[in-house]
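Okay, structure first, notes after.
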Amino acid sequence: MKANQISRILSVVLLVAVLATMLIGCDRGSGDKDLDDAVKSGKLILNVATYDGGIGTDWIKQSKAAFEAMYANTKFGDKTGVYINTIGNKQLGGDTIEDDSLKYDVYFTEMVNYYSFVNKGKFANISDIVKGSYPSEFGVSADEGTIESKLQASWQEYLTAKDGNYYALPFYDGIYGIFYDIDLFEEKNWYFNAAGELGGAGDRSVGLDGIAGTDDDGLPTTYEEFGELLYRIVNAGVTPFSYAGDGKYMKRMLANFWSNYEGLEQMLLNNTFSGKANNIITSFDADGNPIVSETDINATNGYLLQKQAGKYYALEFLQNILLGDTNNYSGSIVNGNGFRQAQGNFVTGKYKNNSTVYAMLVDGVWWEHEATSDFDLVARRNPDQTKATRKFGFMPVPKASSGQTYGKQTLISQNNSFCFINANSEHLDVAKLFLQFVHTNSQLAQFTIGTSVTRSLNYEMTDAQLAQCSYYGQSIYRMKQSADIYYPTSSVDYVINNIGYFDFETSWCWMSKNRTIQSDEVLSRFAAGETARQYFEGLSAYFSANGWKGK
């Protein structure tokens with residue numbers, strides 16, 4: 001065989017090997033054939049991975065298409081154009097993302113310990129795109145500002161606490177709550193009128209915000225009214241709640257009752273551990289009523305925030321109102337449903353013969369997207385009852401008593417959800433460009449249109465954009481716009497260094513110690529006979545007895 005023939009054969013072998021390596025390196029994601037074509041056409045391949053959980057992957061495919069079109073003829077080194085290879089994976093969250101195995105360019109994920117990755121140098125520095133102006137080709141108006149301007153102050157402080165630089169951005173809001181079937185409520189007239197009568201004639205009450213014509217009109221404003229609503233629902237032969245039987249979502253929902261009692265300013269003490277706490281319970285009177293006082297909080301006594309009155313009233317609400325004396329309101333706690341079954345029961349129950357009908361669901365804001373197959377099941381038999389046409393909403397968090405000031409809700413976002421760039425990406429510039437692109441107002445709005453969930457940034461949607469959302473998606477957007485959102489993101493060193501101890505998912509919310517019992521299993525401990533007061537007193541007992549981690 002001639003030398004030039006051998007050379008050509010070796011070249012072909014080498015080319016095949018290179019292409020194979022490229023395909024392995026970029027992994028199989030959105031459209032295998034499209035990826036093959038992109039490799040053959042010489043486009044730059046950017047691997048973008050997203051957690052394929054409650055929000056799915058459709059949202060990123062929209063961003064992918066828009067970005068690829070924008071840069072179709074742009075030169076990136078020796079490449080022309082870019083192909084966003086999207087990889088959706090339900091394992092891209094929490095501990096399943098190994099520190100030393102980040103293999104994609106860009107990540108959108110949840111349950112990540114931000115500073116664990118930052119301290120190991122795994123996240124790329126993205127301060128330039130967070131603080132800088134948007135590229136002109138994005139078509140962003142000058143008054144949109146920067147990505148940084150869309151972040152709450154607590155996020156800015158947290159994300160830059162290490163050295164003043166940004167290494168990730170918050171992804172989506174993890175707000176848990178009570179979601180109600182508006183169609184069912186309207187059919188049964190489960191609303192309070194202006195005279196305070198449940199089911200009464202005339203205009204509805206103005207609700208918690210005190211403004212007529214808003215989403216909370218006619219809904220309960222106090223714990224007492226909520227209890228009255230539950231009694232009416234049960235007597236109508238409807239089960240008030242569907243929720244996952246392990247109670248995890250119930251605990252996370254319950255945190256909103258704590259935050260809504262305290263308000264944003266007081267909740268931020270749980271980030272800073274510095275300032276005056278207005279509602280610390282110091283004792284109980286002879287009738288069992290809490291006695292509160294103002295207390296200066298600092299690094300040495302921060303555990304006293306476990307005595308914030310909002311926590312006690314939240315626990316009291318769960319025990320006395322939601323669970324009641326006979327557990328009539330407990331929904332699926334008895335049979336231990338998983339979250340998907342709970343969603344399915346809520347969506348399909350009233351369309352099945354001899355099936356239990358549920359008035360409300362305890363879940364996270366993303367439940368509608370997760371329940372898409374349940375909506376489709378109903379729509380096949382009832383074509384006019386689709387996800388787009390049915391009406392669901394977020395139940396406003398009532399106040400402990402009518403004496404509390406009404407106005408904005410304060411809700412907690414609880415999922416440590418971030419997007420970031422792999423520090424070892426070979427395409428850092430393009431990765432940054434894509435990350436910046438998905439944080440324009442237009443793309444943030446597209447995310448909400450596609451998921452019915454809000455991003456953890458401040459952005460406004462136009463009427464035309466909102467019209468593309470489901471009724472539920474519109475209500476979730478309005479809910480966030482009218483509320484204060486508390487993000488548990490502390491920039492205090494001893495909190496960052498003891499994240500498990502201060503974590504709102506596992507410890508800081510509901511970890512309680514009562515004699516030999518030490519857990520955050522509120523429902524099971526109530527079922528075993530523990531009272532709200534006993535559980536509440538065990539909160540500060542746990543954090544003082546287990547070595548306060550402050551300075």
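Spacing of the modelled spin labels on A65 and Q341, each 7 Å from Cα toward Cβ, amounts to 3.7 nm. Computed over the Cα atoms of region 151-256, the ratio of the radius of gyration to the Kirkwood radius (Rg/Rh) comes to 1.14.
Inter-part distance, region 342-360 to region 410-430, computed on C-alpha centroids, equals 37 Å.
Taking R0 as 25 Å, what FRET efficiency do you get between D58 and R478 from their Cβ-Cβ distance, rounded to the nearest 0.05? Present the calculation step by step, with values, prior to reporting the outcome.
On the way: r = 22 Å, r/R0 = 0.89.
It comes to 0.65.
Output the Kirkwood hydrodynamic radius of the chain, Cα pairs only, in Å rounded to one decimal. Could you put the intermediate results ahead of the total?
Values: mean 1/r = 0.0393 Å⁻¹.
One decimal place: 25.4 Å for the Kirkwood radius.
Largest first, the three principal axis extents of the alpha carbons in region 215-298 are 50, 32, 31 Å in whole numbers.
For region 115-259, report the accessible area per residue in Å² (1.4 Å probe, heavy atoms, rounded to an integer).
Values: 5420 Å² over 145 residues.
For region 115-259, the per-residue accessible area is 37 Å².
Computed over the chain, the per-residue total of -39500 (n - 2.57) for DSSP H runs of n ≥ 4 gives a 222 nm mean residue ellipticity of -10500 deg cm²/dmol, rounded to 500. With a Förster radius of 56 Å applied to the beta-carbon distance between N278 and Q91, the computed FRET efficiency rounds to 0.80.
For the pair R533 and A195, label points projected 7 Å from Cα toward Cβ lie 3.8 nm apart. Within straight-line reach of K120, meaning a Cα separation under 17 Å, sit the following lysines at least 8 residues removed in sequence or on another chain: K103, K162.
I need the per residue convex hull volume for region 380-491, using only the alpha carbons, in cubic angstrom as a whole number.
Numbers: hull volume 20.7 nm³, N = 112.
So the per-residue hull volume is 185 Å³.
Of the DSSP H helices in the chain, those with a Cα length along their own long axis of 24 Å or more and a mean Kyte-Doolittle hydropathy reaching 1.0 comprise 3-26.
Annotation: per residue accessible area for region 393-551 equals 37 Å², rounded to a whole number [probe 1.4 Å, protein chains only].
In the calculated pair distance distribution of region 424-473, what percentage of Cα-Cα distances lie above 18 Å? All intermediate terms of the calculation are to be shown ahead of the outcome.
On the way: 464 of 1225 pairs.
Result for the distance tail: 38 percent.
Taken over the C-alpha atoms, region 490-535 has Rg and Dmax values of 12.9, 39 angstrom. Computed from the C-beta positions of N353 and S41 and an R0 of 56 Å, the FRET efficiency is 0.50 to the nearest 0.05. By accessible area, using a 1.4 Å probe on protein heavy atoms only, the chain has 47% of its surface on carbon and sulfur. The count of lysine pairs in region 402-551 with alpha-carbon distances below 30 Å, taking only pairs 8 or more places apart or on different chains, stands at 4. Between Q404 and A236, the modelled labels are 2.5 nm apart [label points 7 Å from Cα along Cα→Cβ]. Against the empirical 2.2 N^0.38 Å (N residues), region 457-551 has a Cα radius of gyration ratio of 1.56.
For K188, a cut-off of 19 angstrom between C-alpha atoms picks up these aspartates and glutamates, skipping any fewer than 8 places away in its own chain: E197, D203, D215, D216, D217, E225, E228.
The values are calculated or read from the model by the stated rules, or taken from the named source; none is laboratory data. On a predicted model such as this, the values are computed, not experimentally measured, just so you know. Cβ coordinates were reconstructed from backbone atoms using ideal geometry, including for glycine residues, and neighbour counts include every protein chain displayed. These area figures cover heavy atoms from the full protein model, side chains too; ligands, DNA and RNA do not enter into them. Shrake-Rupley method; radii C 1.70, N 1.55, O 1.52, S 1.80 Å.
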